[in-house]
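Chemist: To start, I am sharing the structure in question, which I have written as structure tokens.
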Amino acid sequence: MSSGNRSEEAVDVQKSYEVRTYGCQMNVHDSERLSGLLEDAGYVRAPEGADGDADVVVFNTCAVRENADNKLYGNLGRLAPMKTKRPGMQIAVGGCLAQKDRDTIVKRAPWVDVVFGTHNIGKLPVLLERARIQEEAQIEIAESLEAFPSTLPTRRESAYAAWVSISVGCNNTCTFCIVPALRGKEKDRRTGDILAEIEALVAEGVSEITLLGQNVNAYGSDIGDREAFSKLLRACGKIEGLERVRFTSPHPRDFTDDVIAAMAETPNVMPQLHMPMQSGSDSILKAMRRSYRQERFLGIIEKVRAAMPDAAISTDIIVGFPGETEEDFEQTMHAVREARFANAFTFQYSKRPGTPAADMDGQIPKEVVQERYMRLSALQEQISWDENKKQVGRTLEVMVAEGEGRKDGATHRLSGRAPDNRLVHFTKPAQDVRPGDVVTVEITYAAPHHLLAEGAPLAVRGTRAGDAWEKRTTAAAAKPAGVMLGLPSIGAPDPLPAAAAPACGIGSG
């Protein structure tokens, strides 16, 4: 994490913070930046389960998930009495809902101190300080990106895996999505900056990266290079020490043969693809302003499987879009049977204020949407189970994860991800194994959403990523209880040093 230009001046008060994240992976990545900014300014992270018992509570919001605003105001309401009892406590609201609602947030929750948007997350420490000094709410919503998020300090949640943004914004006009209005037009990072960040992360011990973008495979549209994304994937394959590369989410419109070839021919690009279909009906896809049709989508799936027979493909599907007939829905069911997704994130359509679809004729009754949703879920559950059963008997390399298996303690197992991103629970080996290390296991049982390896692991490989996890854990245990609060500096933080990875945008492009 960059140290920035933090002032040496400090006050004798220890300040804690908590960041609550809602929505897509882009928000998760932004929250790592928000945590980094706050720690760079001298704040310390509140203990797990603090539940608002912190000096600064930041909400990084989503405007796409159902009832997002009700959930936000409900959570803000629960913090109001806590703030009354805790002098100096501050509450900040950022993210897509902040970009969308702006002044409404402070009107409905006047105890909020800071409202900031998706384009100016780097201003958070300064806005908090200004609100404290002026004793009034600070609302600052930039209309365009001020600094690419990856230039900001970071507190990564994982020592062994990292998100890397390659673009922000979206140039599509899907009628169900408000993301382009909130994140802005697509803006690409320079390839050299992306690769420099990845190399710096690998030098810190990271062995898996996920390339992020609202429409990740449209990368290069700024410079008119339609093969820029495939070139980026191939360049990632040349970075020594980088074991796994993933990306999310691509759009079928921009998914070209050179990307498939790059995936198949670059050993560290994983055989995994999340590509949102949204509907299998051509007429509904047209109403959604999706620029492909069922035949085109299934054709991509066929090409991916021809190049990578073991690839696991997942998707997003919306059920009950305005005007969807039973015939339209049956086309979606047909496409799901043909595509045989490893898993699918299915959503019941609900109106999103500010989107064209919210005002369309033919809104589907809730009970009809629910019934179709249940049929689709049952079909996909069976397909997921059938596809997972094909893994039984296979020998897989699993990267040990942290916090993936909620029952691991009771079952004496550990958990991790296979190359195709399937979740694997495996018997704990006799020797020590750390998150980021790699174990080789034989799959003995399949459930719809996970695999089991019940025998002893066939091999255990310690990794630099495991070393990084151990170093971080040891440092956290030895860290003093608090730090002095340094006043945040104004201006861009230091750049990264040069080196010698649901229903919107990300996950649903």
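Chemist: Looking at the stretch 451-463, I want the residues that are polar (S, T, N, Q) and have a partner that is open to solvent by 30 Å² or more (accessible area, probe 1.4 Å) with Cβ atoms under 8 Å, at least 6 apart or on another chain. Which pairs are those?
Modeler: Thr463/Glu243
Chemist: Checking the structure you have, find out if any residue of the stretch 387-402 is closer than 26 Å to Ala162 by Cα, part of a loop (DSSP other than H, G, I, E, B) and open to solvent by 30 Å² or more (accessible area, probe 1.4 Å).
Modeler: Checking the stretch 387-402: at least one residue is closer than 26 Å to Ala162 by Cα, part of a loop (DSSP other than H, G, I, E, B) and open to solvent by 30 Å² or more (accessible area, probe 1.4 Å).
Chemist: Please count how many residues of the stretch 167-187 are buried (at least 22 other Cβ atoms within 10 Å of the Cβ) and either within 14 Å of the chain's Cα centre (by Cα) or more than 15 Å from Cys24 (Cα to Cα) (or both).
Modeler: Residues in the stretch 167-187 being buried (at least 22 other Cβ atoms within 10 Å of the Cβ) and either within 14 Å of the chain's Cα centre (by Cα) or more than 15 Å from Cys24 (Cα to Cα) (or both): 4 in total.
Chemist: In the stretch 114-210, which helices (runs of 4 or more DSSP H) lie fully inside it and hold 3 or more residues that are closer than 30 Å to Gly436 by Cα? Can you show your working first?
Modeler: Details: elements: 124-134, 179-183, 191-203.
Because the criterion is at least 3 residues that are closer than 30 Å to Gly436 by Cα, the helices (runs of 4 or more DSSP H) in the stretch 114-210 that meet it are 191-203.
Chemist: Please verify whether the stretch 86-98 includes one or more residues that are crowded, with 17+ Cβ neighbours inside 10 Å, closer than 18 Å to Ile133 by Cα and within 22 Å of the chain's Cα centre (by Cα). I'd like the intermediate steps shown before the answer.
Modeler: Taking the stretch 86-98 first, the residues crowded, with 17+ Cβ neighbours inside 10 Å are 89-98.
When the remaining residues are screened for being closer than 18 Å to Ile133 by Cα, the result is 89-92.
Remaining after also requiring within 22 Å of the chain's Cα centre (by Cα): 92.
Yes, there is a match, as at least one residue in the stretch 86-98 is crowded, with 17+ Cβ neighbours inside 10 Å, closer than 18 Å to Ile133 by Cα and within 22 Å of the chain's Cα centre (by Cα).
Chemist: Related question: Restrict the check to the stretch 286-303 and report whether at least one residue is within 23 Å of the chain's Cα centre (by Cα) and in a strand (DSSP E or B).
Modeler: no
Chemist: Still on this structure, I have one more. Quick one: which helices (runs of 4 or more DSSP H) sit completely within the stretch 15-111 and have at least 1 residues that are closer than 30 Å to Ala162 by Cβ and touching a helix residue (DSSP H, G or I) at 6+ places or on another chain (Cβ under 9 Å)? Even if it seems obvious, please write down each step before you answer.
Modeler: Values: elements: 25-40, 68-85, 96-101, 103-108.
Of the helices (runs of 4 or more DSSP H) lying wholly inside the stretch 15-111, those with at least 1 residues that are closer than 30 Å to Ala162 by Cβ and touching a helix residue (DSSP H, G or I) at 6+ places or on another chain (Cβ under 9 Å) span 25-40, 68-85, 96-101.
Chemist: Across the stretch 403-423, what is the total count of residues that are modelled with pLDDT of 95 or more and either part of a helix (DSSP H, G or I) or open to solvent by less than 20 Å² (accessible area, probe 1.4 Å) (or both)?
Modeler: Count: 4.
Chemist: Return the pair list, or none, for Cβ contacts closer than 6 Å from residues in the stretch 314-335 that are closer than 13 Å to Leu285 by Cβ and of a type in the set (A, V, I, L, M, F, W, C) to residues that are open to solvent by less than 10 Å² (accessible area, probe 1.4 Å) and part of a helix (DSSP H, G or I), at least 6 apart or on different chains.
Modeler: From residues that are closer than 13 Å to Leu285 by Cβ and of a type in the set (A, V, I, L, M, F, W, C), the pairs are Phe321/Ile284.
Chemist: Looking at the stretch 86-103, which of its residues are at negative phi and modelled with pLDDT of 90 or more?
Modeler: First pass over the stretch 86-103, keeping only residues at negative phi: 86-87, 89-94, 96-101, 103.
Result: Met89, Gln90, Ile91, Ala92, Val93, Gly94.
Chemist: Would you point out the residue of the stretch 305-346, among those that are β-branched (Val, Ile, Thr) and either in a strand (DSSP E or B) or in contact with a Pro (Cβ under 9 Å, 6 or more places away or on another chain) (or both), that is farthest from Glu371 (Cα to Cα)?
Modeler: Pass one, the stretch 305-346, residues β-branched (Val, Ile, Thr): 313, 315, 317-319, 325, 332, 336, 346.
Still in the running and either in a strand (DSSP E or B) or in contact with a Pro (Cβ under 9 Å, 6 or more places away or on another chain) (or both): 313, 315, 317-319, 346.
Details: Ile313: 25, Thr315: 20, Ile317: 15, Ile318: 13, Val319: 10, Thr346: 13 Å.
Applying the filter and picking the extreme gives Ile313.
Chemist: Here's another thing I want to ask about it. Can you name the number of the only condition in (1) within 22 Å of Asp316 (Cα to Cα); (2) in contact with a Leu (Cβ under 9 Å, 6 or more places away or on another chain) that Glu371 fails?
Modeler: (2)
Chemist: Looking only at the stretch 212-240, filter to residues that are crowded, with 23+ Cβ neighbours inside 10 Å and assigned to a loop (DSSP other than H, G, I, E, B); which one of those is farthest from the chain's Cα centre (by Cα)?
Modeler: Per the criteria, the residue is Tyr219.
Chemist: Keeping to the stretch 241-264, report how many residues are within 30 Å of Ala468 (Cα to Cα), modelled with pLDDT of 90 or more and not in a helix (DSSP H, G or I).
Modeler: Looking only at the stretch 241-264, we keep the residues that are within 30 Å of Ala468 (Cα to Cα), and these are 241-249, 262-264.
From the residues that got through so far, the ones that are modelled with pLDDT of 90 or more too are 241-248, 262-264.
With the extra rule that they be not in a helix (DSSP H, G or I), the set shrinks to 241-248.
Matching residues across the stretch 241-264 total 8.
Chemist: Something else about it: Would you pick out the residues in the stretch 265-285 that are crowded, with 21+ Cβ neighbours inside 10 Å, of a type outside the set (A, V, I, L, M) and within 23 Å of the chain's Cα centre (by Cα)? Outline the logic, then answer.
Modeler: Within the stretch 265-285, the subset crowded, with 21+ Cβ neighbours inside 10 Å is 269-270, 272-281, 284-285.
From the residues that got through so far, the ones that are of a type outside the set (A, V, I, L, M) too are 272, 274, 276, 278-281.
Selection gives Gln272, His274, Pro276, Gln278, Ser279.
Chemist: Here is a further query. For the stretch 301-317, does any single residue satisfy the condition of being farther than 28 Å from Asp254 by Cα, open to solvent by 40 Å² or more (accessible area, probe 1.4 Å) and of a type in the set (Lys, Arg)? Steps first, please.
Modeler: The first filter runs over the stretch 301-317 and keeps only residues farther than 28 Å from Asp254 by Cα, leaving none.
No.
The values are calculated or read from the model by the stated rules, or taken from the named source; none is laboratory data. All figures in this text were calculated on a predicted structure; none of them were measured in a lab. A quick note on method: Cβ atoms are made from the backbone with ideal geometry, for glycine too, and the neighbour counts reach across all protein chains shown. Areas reflect the complete protein model, heavy atoms only, side chains present, ligands, DNA and RNA absent. Shrake-Rupley method; radii C 1.70, N 1.55, O 1.52, S 1.80 Å.
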